[in-house]
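Engineer: Sharing a structure below in structure tokens format, with a few things to ask.
The values are calculated or read from the model by the stated rules, or taken from the named source; none is laboratory data. Predicted, not measured: the structure shown is a model, and the values here were computed from it. When we count neighbours, we look across all protein chains shown, and the Cβ atoms used for this are built from the backbone with ideal geometry, even at glycine.
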Amino acid sequence: MKKPVIAIAGLTACSGCQLTLLNCEAELPEVAERFEFAWFPMGTTGGDDCAAIDVAIVEGAVSTPDDLETLLRLRSRSRLLVAFGTCALWGGIAAMKNHEPRTALTEAVYGEMAVNIRTFNPAPFHQFIKVDFAIPGCPPEKHELLTTLASLLKGTFPVFPQYPVCTECRNRENRCLLIEDNEICLGPLIQAGCNARCPAVGIKCEGCRGPVTEANVAAETELLLRKGFTREEIESRMRRFCPEWDLSSPLL
Amino acid sequence: MMKDGKTIPIMAEIAEVRSLSGDTSLFRLRFEEEENFHFLPGQFVQLSVPSGGEVPISIAGGPSDDRSLELCARRVGHVTTMLHSMGRGEKVGVRGPFGNGFPVGEMKGKDILLLAGGLGIAPLRSLLHYILAYREDYAAVTLMYGSREPDAILFREELAELSCRRDMRLLLTVDFLTDGPPGELACNVGLLPSLLKGFDLRPADTTAAVCGPPALYRCLTSELEALGIPDRSILLSLERRMKCGVGLCSHCAVGDLFCCTDGPVFRFSDIRGIEGAL
Amino acid sequence: MARNFLQDELLPAFVDNLAAFGELHGPKLTDDGVTVFGRVVTHAELRLDYRSTLLPPKKYLLPPRETTLAYSPESGYRQPAATEKNIILLGVHPCDLAGIAYLDRVFMYDAADHLYSRRREALTLIGLSCEPDDFCFCGDVNADLPVGFDIFIQRADDGFCLDTGSDKGAAIIAGLSRLFMERERPPSRMRNCSPIKDAIQRAVKTQETFEGSPLWDDFAARCLSCGACSLCCPTCYCFDVREYGNLDGATAERIREWDNCLFKAHGEVAGGHNFRKSRQERFRYRFQHKYLGFGPTRGRTSCVGCGRCREVCPVGIDMLELFRLKVEGKAG
């Protein structure tokens, strides 16, 4: 069987998603054996940046002209492209202030130098290119990455369940932070897959995996308002990992 | 170890792949062991593609095949995409057959009207093969088959052969013509129900069997009733996403009936009042 | 006269001796204060005065997620090897016993499920009488009388009265007979019924679907599709089946996992068509399954009145309102 040729790259991001792969210590030898890494600047030296690629796995938000160029180049060289992590899928942390004017933000950080900053509002891939598959998470879960790689060996993508964090949280019989403790937990709105990692240790769901299919934002907002949170608190909490809860997005 | 073919898939080899259209192929499977696979037209199997999973697919072949099984699959989801990337000699799993199938005994002596839309031809091809194998048991036989466009007509060579037969009628239609030549098959242009206009039938003695996309059932059932066919003689083969095939997983309920065990073939009279059935 | 009376002070000895018959499980508290059924090492961990557990005991028979088949190119699909340990589940309330009895009917009769049956055979059920709480209504759905137990423990003033329901239960009682004494049987407790009992029974009998009720829209608008209602339901058993390949590129595993009829994917077919596109339709499907029954369970209410779904719903959806509204509508 011919080894799938893959590229792993990052745009504006913390590289945490790529690190998820490097953290799969036990499986790395097998991954290295099954795939041909054509381009993985963070993990390998050298590499061929014009080879034809079967699958590009790309993290980060698109926030600079360079990002966009890299993304377009990877897209045109790859048969399949995977949005790797919440930034690539939704915009992520970098996009949490997208509702404020860009110039004000750059000036706040860079002062007078801001005029030289050529960036735009961090945006997810699907605003620019066709995305074939997404692995959500900040960072993504190892098992979802490895399952995706395993599927790619068969030329396909895995089917992950489309239910919210609450489902996994209840299955673990965690204490419900939303009902019992009246916390601003986003569990009902957020795509599962993390096995309720945070609520299992008493930390409310911050929403790092982004919206679940058919997230009922109106009902959750209503519920949190009734619990005494302000609309600003709720919105800022929801925007932390996903700037626009536009439920008409083709990925929802 | 249990090996009943209902719980654990039995492995079969892909013996032949016949491309029927751009996205649809006929897969002939041959069982590895000497299994005699007995089924009724209208029944379905759960087809496993290793690493991909399982999908319900209706049996497309006739009763004469013993160790082999014909399945017609469109490349539409995750599992069928994997299936389409497979070729001769590769292995798949089969559980089944499941479901009730068409009441072929009860249909004896009747005029048989088969109405297929798109991929809905698959179970009706199985039924037609059965009826033609026992031709003398049935009165007039008609197949009406509608496709989106000429290129989407499945089983073209077989249809050409059927069109020459004197013991049945074949009427084809396409929703619209594309640029290319319409091909060798005589074909009406219009939606499937348009074939019924002016069609001469004996409503009280006719059993109609329908299979097609969800939208087809609603308009066809009213047309067939308007022609005087009683609702209990209108048989509908319904599609649902069965996950288990044995009445457990509860994904395929139609009202209080399970598509996998009570169906997939239902009398229109039994489901006409059920919300969301059609 | 009841023969098997256990005095309060002998309860610890009874519990600790049960370990001889299997691994003891019962109601206990987790570190963050949730009541769950779980492994109990000593009687001190048990909370026999518990109200309700978060997940019902169905998790012992149908785990939230399990591998049903393993695939390898050499041997095809195979079921996982059988190594079920005997489990004694102590302290199961009548509603949960009724839940297990319903699941038994689904998974052990028409379409016997091998994995379920295997676990069921290894499970010993010791029921326990209970006191109604603010959420439960077992009497309304005739699930207040204990069924399907191996042993049932009825609370009395200064001890417990034990009944046996199976040979397995009788063997345990016989083995521990030194702990029991004879005592007057305690009066059976009041049935836990509410004014809507008749409405529920009538609806089931007439296969009432409440078409046109304004509540469907109300439920649909509020529902978060979090899944809690069915995960925590003693009789919800819808499951999804998926398969994942391994990194060797050859072997694979098939899993089944609890599903929920309020999830979007529940009614989808290949190509994306959805037979239950809206949440309203999904609620009606849920009602049909819960109160009217599907297929072989047609005409049988699967609700056992434990009240978990009402308690765990973040937005307080309560399907009983359908019956209540009907009763009030008639009265008004």
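Engineer: May I ask you to verify whether A:Leu89 is outside any strand (DSSP E or B) and either of a type in the set (Lys, Arg) or closer than 22 Å to A:Ser151 by Cα (or both)?
Structural biologist: So A:Leu89 passes the test.
Engineer: Moving to a separate point now. Just to be sure, is C:Leu262 buried (at least 22 other Cβ atoms within 10 Å of the Cβ), more than 12 Å from chain A (Cβ to nearest Cβ) and of a type in the set (A, V, I, L, M)?
Structural biologist: On the way: buried (at least 22 other Cβ atoms within 10 Å of the Cβ): yes; more than 12 Å from chain A (Cβ to nearest Cβ): no; of a type in the set (A, V, I, L, M): yes.
Against the criterion (buried (at least 22 other Cβ atoms within 10 Å of the Cβ), more than 12 Å from chain A (Cβ to nearest Cβ) and of a type in the set (A, V, I, L, M)), C:Leu262 does not qualify.
Engineer: Of all residues in the range C:245-258, count the ones that are surrounded by fewer than 21 Cβ atoms within 10 Å (Cβ to Cβ) and assigned to a strand (DSSP E or B).
Structural biologist: Of the residues in that region, 3 qualify.
Engineer: Inspect the range C:160-177 for any residue being within 30 Å of C:Val312 (Cα to Cα) and either modelled with pLDDT of 85 or more or not aliphatic (A, V, I, L, M) (or both) and give the result as yes or no.
Structural biologist: no
Engineer: Can you tell which of C:Thr53, C:Thr67 is closer than 22 Å to C:Glu131 by Cβ and among the polar types (S, T, N, Q)?
Structural biologist: Values: C:Thr67 fails: closer than 22 Å to C:Glu131 by Cβ.
Answer to the check: C:Thr53.
Engineer: Which of the residues belonging to the range C:229-253 are at the interface with chain B (Cβ under 10 Å from one of its Cβ atoms) and closer than 22 Å to A:Val165 by Cα?
Structural biologist: C:Cys236, C:Tyr237, C:Cys238, C:Phe239, C:Asp240, C:Val241, C:Arg242, C:Glu243, C:Tyr244
Engineer: Say we look at the range A:203-242 and pick out the residues that are among the charged types (D, E, K, R) and in a loop (DSSP other than H, G, I, E, B); which of these is farthest from the other protein chains (Cβ to nearest Cβ)?
Structural biologist: Filtering the range A:203-242 down to residues among the charged types (D, E, K, R) leaves A:204, A:206, A:209, A:214, A:220, A:222, A:226-227, A:231-233, A:235, A:237, A:239-240.
Within this subset, residues satisfying the condition of being in a loop (DSSP other than H, G, I, E, B) are A:204, A:206, A:209, A:214, A:227, A:240.
On the way: A:Lys204: 13, A:Glu206: 17, A:Arg209: 15, A:Glu214: 5, A:Lys227: 10, A:Arg240: 19 Å.
If we take residues in the range A:203-242 being among the charged types (D, E, K, R) and in a loop (DSSP other than H, G, I, E, B), then A:Arg240 is farthest from the other protein chains (Cβ to nearest Cβ).
Engineer: Could you list, in sequence order, the residues of the range C:1-46 that are within 14 Å of chain A (Cβ to nearest Cβ) and either touching a helix residue (DSSP H, G or I) at 6+ places or on another chain (Cβ under 8 Å) or touching a residue at least 12 places away in the same chain (Cβ under 8 Å) (or both)? If you could, list the steps in order and put the result at the bottom.
Structural biologist: We begin by selecting, within the range C:1-46, every residue within 14 Å of chain A (Cβ to nearest Cβ); these are C:25, C:27-39.
Correct list: C:His25, C:Pro27, C:Lys28, C:Leu29, C:Val34, C:Thr35, C:Val36, C:Phe37, C:Gly38, C:Arg39.
Engineer: Name the residues in the range C:214-227 that are part of a loop (DSSP other than H, G, I, E, B) and either facing chain A (nearest Cβ under 7 Å) or crowded, with 18+ Cβ neighbours inside 10 Å (or both), would you?
Structural biologist: Correct list: C:Cys223, C:Leu224, C:Ser225, C:Cys226, C:Gly227.
Engineer: Kindly provide the set of residues from the range C:283-312 that are within 19 Å of C:Phe210 (Cβ to Cβ), charged (D, E, K, R) and in contact (Cβ under 8 Å) with a residue 60 or more places away in the chain, ordered by number.
Structural biologist: Correct list: C:Arg284, C:Arg300, C:Arg310.
Engineer: I would also like to ask the following. Can you name the condition, by its number, that B:Glu161 falls short on among (1) touching a residue at least 12 places away in the same chain (Cβ under 8 Å); (2) closer than 21 Å to B:Pro41 by Cβ; (3) surrounded by fewer than 20 Cβ atoms within 10 Å (Cβ to Cβ)?
Structural biologist: It fails just one condition, (1).
Engineer: Which of the strands (runs of 3 or more DSSP E) found entirely inside the range B:48-114 contain at least 2 residues meeting this: farther than 19 Å from B:Val246 by Cα, within 13 Å of another protein chain (Cβ to nearest Cβ) and not polar (S, T, N, Q)? Lay out the reasoning, then the answer.
Structural biologist: Working: elements: B:53-58, B:68-74, B:91-98.
Strands (runs of 3 or more DSSP E) meeting the threshold: B:68-74, B:91-98.
Engineer: For a quick check of your reading of the model, give me the residue pairs whose first member lies in the range A:166-192 and is more than 10 Å from chain C (Cβ to nearest Cβ), whose second is of a type in the set (S, T, N, Q) and not in a helix (DSSP H, G or I), with beta-carbon atoms closer than 9 Å and at least 6 apart or on different chains.
Structural biologist: Correct list of pairs: A:Gln191/A:Gln162; A:Gln191/A:Thr213.
Engineer: Within the range B:55-85, can you find the residues that are among the small types (Gly, Ala, Ser), out of contact with any His (no Cβ under 6 Å at 6 or more places or on another chain) and buried (at least 17 other Cβ atoms within 10 Å of the Cβ)?
Structural biologist: B:Ser58, B:Ala60, B:Gly61, B:Ala73, B:Gly77
Engineer: Among C:Ala81, C:Ala70, C:Ala98, which is the only one that is within 11 Å of chain B (Cβ to nearest Cβ) and touching a residue at least 60 places away in the same chain (Cβ under 8 Å)?
Structural biologist: On inspection, the qualifying residue turns out to be C:Ala70.
Engineer: Among what's in the range A:1-48 and is part of a loop (DSSP other than H, G, I, E, B) and over 24 Å from the mean Cα position of the chain (by Cα), pick the residue that is modelled with the highest pLDDT.
Structural biologist: A:Lys3
Engineer: Scan (1) touching a Lys or Arg at 6+ places or on another chain (Cβ under 6 Å); (2) assigned to a helix (DSSP H, G or I); (3) modelled with pLDDT of 95 or more for the single condition C:Ala70 breaks and write down its number.
Structural biologist: So C:Ala70 meets the others, but not (2).
Engineer: Scan (1) on the phi > 0 side of the Ramachandran plot; (2) assigned to a loop (DSSP other than H, G, I, E, B) for the single condition B:Leu40 breaks and write down its number.
Structural biologist: (1)
Engineer: In the range C:268-283, what residues are in a helix (DSSP H, G or I) and facing chain B (nearest Cβ under 7 Å)?
Structural biologist: Result: C:Glu281, single match.
Engineer: Still on this model: Starting from residues that are of a type in the set (Val, Ile, Thr) and closer than 27 Å to C:Asn246 by Cβ, keep the ones in the range B:15-54 and report whichever is surrounded by the most Cβ atoms within 10 Å (Cβ to Cβ).
Structural biologist: Among those residues, the one meeting the criterion is B:Val45.
Engineer: Among the listed residues A:Thr119, A:Thr148, identify the single one that is more than 8 Å from chain C (Cβ to nearest Cβ) and assigned to a loop (DSSP other than H, G, I, E, B). I'd like the intermediate steps shown before the answer.
Structural biologist: On the way: A:Thr148 fails: assigned to a loop (DSSP other than H, G, I, E, B).
Just a single option satisfies the conditions, and that option is A:Thr119.
Engineer: Moving on. Report the residue count in the range B:164-209 for those that are free of Cβ contacts under 8 Å to residues at least 24 places away in the same chain, small (Gly, Ala, Ser) and part of a loop (DSSP other than H, G, I, E, B).
Structural biologist: Counting residues in the range B:164-209 that are free of Cβ contacts under 8 Å to residues at least 24 places away in the same chain, small (Gly, Ala, Ser) and part of a loop (DSSP other than H, G, I, E, B) gives 3.
Engineer: I'd like the full set of residues that are out of contact with any helix residue (DSSP H, G or I) (no Cβ under 7 Å at 6 or more places or on another chain) and closer than 30 Å to B:Gly52 by Cα, limited to the range C:47-65.
Structural biologist: Listed by number, the residues that qualify are C:Lys59, C:Pro63, C:Arg65.
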